[in-house]
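Novice: I have a structure here, written as structure tokens, and I will follow up with some questions on it.
All of the numbers you see were taken from the coordinates with simple rules; none came from a lab. The shown structure was predicted, so the numbers you read here are calculated from the model rather than taken from an experiment. Here the Cβ positions follow ideal geometry from the backbone for every residue, glycine too, while neighbour counts run over all protein chains shown.
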Amino acid sequence: MQEMLEYIVKNLVSCPDDVQIECKDSGKSKVFKVKVAKKDLGNVIGRGGNIANAIRTVVKSVGTGKERLVINFDEK
């Protein structure tokens, strides 16, 4: 899942080397914290959060369905 998330985000930003993804696994949930350059944050979130929601949907579809996935976007 993390590799897929990284692939999607890196293809949306203009500075793919600045993308950092941290994963915290706490039992039944996984929390991904995605950090991108300040100028790329708008490209990842999109107008009204549409792109961020689409990323969440795609990554959750790959998951097992048994664990809760949370994806947070932040600037580096």
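Novice: Please list, in order along the stretch 26-42, the HN-Hα scalar couplings obtained from phi with the Karplus expression 6.51 cos²θ - 1.76 cosθ + 1.60 (θ = phi - 60°), rounded to whole Hz, x for Gly and Pro.
Specialist: Computed from phi, the couplings for the stretch 26-42 are 10, x, 8, 9, 10, 10, 9, 10, 9, 10, 10, 4, 4, 6, 9, 4, x Hz.
Novice: For the chain, with only Lys/Arg (+1) and Asp/Glu (-1) charged at the beta-carbon, what is the dipole magnitude about the Cα centre, in debye rounded to 20? Spell out each step's value before the answer.
Specialist: On the way: 14 positive and 10 negative charges, 68 e Å.
Its charge dipole is roughly 320 debye.
Novice: Using 19 Å as the cut-off for backbone N distance, which residues of the stretch 35-51 belong to the label zone defined by a point 7 Å from the Cα of residue 57 along Cα→Cβ?
Specialist: Once the point is set 7 Å along Cα→Cβ of residue 57, 43-51 turn out to lie under 19 Å by backbone N, inside the stretch 35-51.
Novice: I'd like to know which of 50, 73, 4 lies farthest towards the positive end of the charge dipole of the stretch 2-75, counting +1 on Cβ of Lys and Arg and -1 on Cβ of Asp and Glu.
Specialist: Toward the positive end, the furthest listed residue is 50.
Novice: Another one. 7 Å from Cα along Cα→Cβ at both residue 64 and residue 2: what's the point-to-point distance in nm?
Specialist: 1.6
Novice: Continuing with this model, one more query. Ratio of Rg to Rh for the chain, alpha carbon only, Kirkwood?
Specialist: Working: Rg = 11.9 Å, Rh = 12.5 Å.
Taking Rh as the inverse mean 1/r over Cα pairs, Rg/Rh reads 0.95.
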